[in-house]
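Worksheet for the structure shown next.
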Amino acid sequence: MVASAYAHLPQFTYASGSSQPYSAFPGWEAFNHRDYNQAWHHAGYTWGVYYVTTDRVIHAWVRDTANPTKWPNEIGYATIYCENVDDTTGTVFTCQSTGG
Amino acid sequence: MIRGDHNKMKPRTRIGFMAGFVTAVGLLVAVAVTAFAGSKSESATTRTSAAAPPIADAIGALRSPRAQADSLPAQAAAVVASLAADVPTGAGNDPGVLQLSASRRLLANVGAAGVDLFVVPTSIGKVCYVITGGPTGCYDQFSNGPLVYGEYDPDALGSGTPISLYGLARGDVTAVFAVVAGKREPATLGRNAFFYSTRGSAYPTAVVAQLRGGGEVVYDLAPPPHA
């Protein structure tokens, strides 16, 4: 994790809809400062979120049945992913971060 | 007995599923949740059971006297408060009103990074947690057995600070183990919460809850993702 002097950018939704288990949803291939990464989903099913840096290393990975599944801490420059691990409900999910 | 809601469930003593997938990023994940009932017979539940009580009712620590150490540090309070901001519409997303003044510290100075785990009840019976320097979120029920749980790695996955396993436990849980490389490793079990840090690049493949009376429940875990 890299704390930085980057400007804090607005929240945006980078993935949303209905999904099947064993799916990962990337933010578009853009790197930026990120304040947090979170997935809203059906409680009780496992979702994950994580950052990927330009060297293709995963950072700040969390996987949880809590809703939201949230990594609340910033990273200096990364793209974003959320993942549906075992959610079979088809409930609409929303993955959000900052930085566009 | 724990009853899941997945395909090809076997009756009564063992019910579970296994699956794997490759994602757009080359991610191979297999996941399984398997529940066993030992000598203890337990009421059947499902992940979405409407009959399961709100999780706040099952966390006895929330009804214990509150000490000064149960107060949220400022940064942790800000993190928890963020859970109620800009909540997207959708069933089950609303955490309710966070009752920050009722927080409890369930674990102190645990794991490789010496973190604390706090919980905050909400007006609708959910319980939100925050791990200092780590993840946060809200649970609504013990809908799939005696544990709710997660895993995280705060830095580069597989290096630096190792992966940790954490969660909340019902009051009838007497011990929690992480299964790492086929061996059971005891987790720290505090007041309705548990925590375990692996070593090196190892990751847990299951978490086991032992119950008062001798039964146990095993939750198999998917391997971490790969970029």
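Please treat every number below as a calculation from the coordinates, not as lab data. Because the structure is predicted, anything quoted here is derived from the model rather than measured. Every residue, glycine among them, receives a Cβ derived from its backbone with ideal geometry; neighbour counts consider all protein chains shown.
For this structure, a couple of remarks:
- Taking all Cα pairs closer than 8 Å and separated by 6 or more residues, the relative contact order of the stretch A:25-99 comes to 45 percent.
- Once the C-beta distance of B:Ser71 and B:Ala112 is scaled by a Förster radius of 25 Å, the resulting FRET efficiency is 0.50 to the nearest 0.05.
- Taking amide hydrogens as placed 1.01 Å from N in the peptide plane, the amide H of A:Ser23 sits under 5 Å from those of A:Asn84, each at least 5 positions away in sequence or on another chain.
- The phi-based Karplus calculation (6.51 cos²θ - 1.76 cosθ + 1.60; θ = phi - 60°) puts the 3J(HN,Hα) values of the stretch B:120-132 at 9, x, 10, 5, 10, x, 7, 10, 9, 10, 8, 9, 4 Hz, whole numbers, x for Gly and Pro.
- Between A:Leu9 and B:Ala81, the modelled label-to-label distance comes to 2.6 nm, taking each label 7 Å out from Cα in the direction of the beta carbon.
- Whole-Hz couplings from phi, Karplus 6.51/-1.76/1.60, listed for the stretch B:89-100; x for Gly and Pro: 5, x, 4, x, 7, 5, x, x, 7, 6, 9, 4
- Computed about its Cα centre, the charge dipole of the stretch B:100-204 is approximately 260 debye, with only Lys, Arg, Asp and Glu carrying charge at their Cβ.
- Along principal axes, Cα extents of the stretch B:56-157, largest first, whole Å: 37, 36, 31
- Put the Cα centre of the stretch B:162-222 next to the Cα centre of the stretch A:26-58 and the gap is 25 Å.
- Highest-first packing order for the peptide set B:125-132, A:68-75 is A:68-75, B:125-132, based on the mean count of other beta carbon atoms within 10 Å.
- Nonlocal amide H pairs with A:Tyr14, under 5 Å, H built at 1.01 Å: A:Cys95, A:Gln96, A:Ser97
- Cα-based radius of gyration of chain A once divided by 2.2 N^0.38 Å, which approximates compact folds: 1.00
- Mean separation of Cα pairs under 8 Å and 6 or more residues apart, divided by the residue count, gives the stretch B:112-168 a relative contact order of 24 percent.
- Here's the picture: charge each Lys and Arg Cβ at +1 and each Asp and Glu Cβ at -1 in the stretch B:112-227, and of B:Leu157, B:Gly137, B:Gln210 the one pushed furthest to the positive end of that dipole is B:Gln210.
- Rounded to whole Hz, the Karplus (6.51, -1.76, 1.60) HN-Hα couplings of the stretch A:69-83, x for glycine and proline: 8, 9, 9, x, 10, 7, 9, x, 7, 6, 9, 10, 9, 10, 9
- The packing ranking, built from the mean of other Cβ atoms within 10 Å per residue, places the peptides B:68-74, B:133-139, B:54-60 in the order B:133-139, B:54-60, B:68-74, highest first.
- The stretch A:11-98 - charge dipole about Cα centre, Lys and Arg +1 at Cβ, Asp and Glu -1, debye rounded to 20: 40
- 10 Å Cβ neighbours from other chains, averaged over peptide A:21-34: 3
- Short to long, the 5 Å bins of the Cα pair-distance histogram for the stretch B:108-227 hold 2, 11, 23, 24, 21, 13, 5, 1, 0 percent of all pairs.
- Contact order normalised by residue count of the stretch B:95-194, Cα under 8 Å, 6+ apart, percent: 20
- A Förster distance of 41 Å, applied to the separation of the beta-carbon atoms of B:Ser159 and B:Ser123, puts the FRET efficiency at 0.50.
- Taken residue by residue and averaged, Cβ atoms of other chains lying within 10 Å of the Cβ of A:80-90 number 4.
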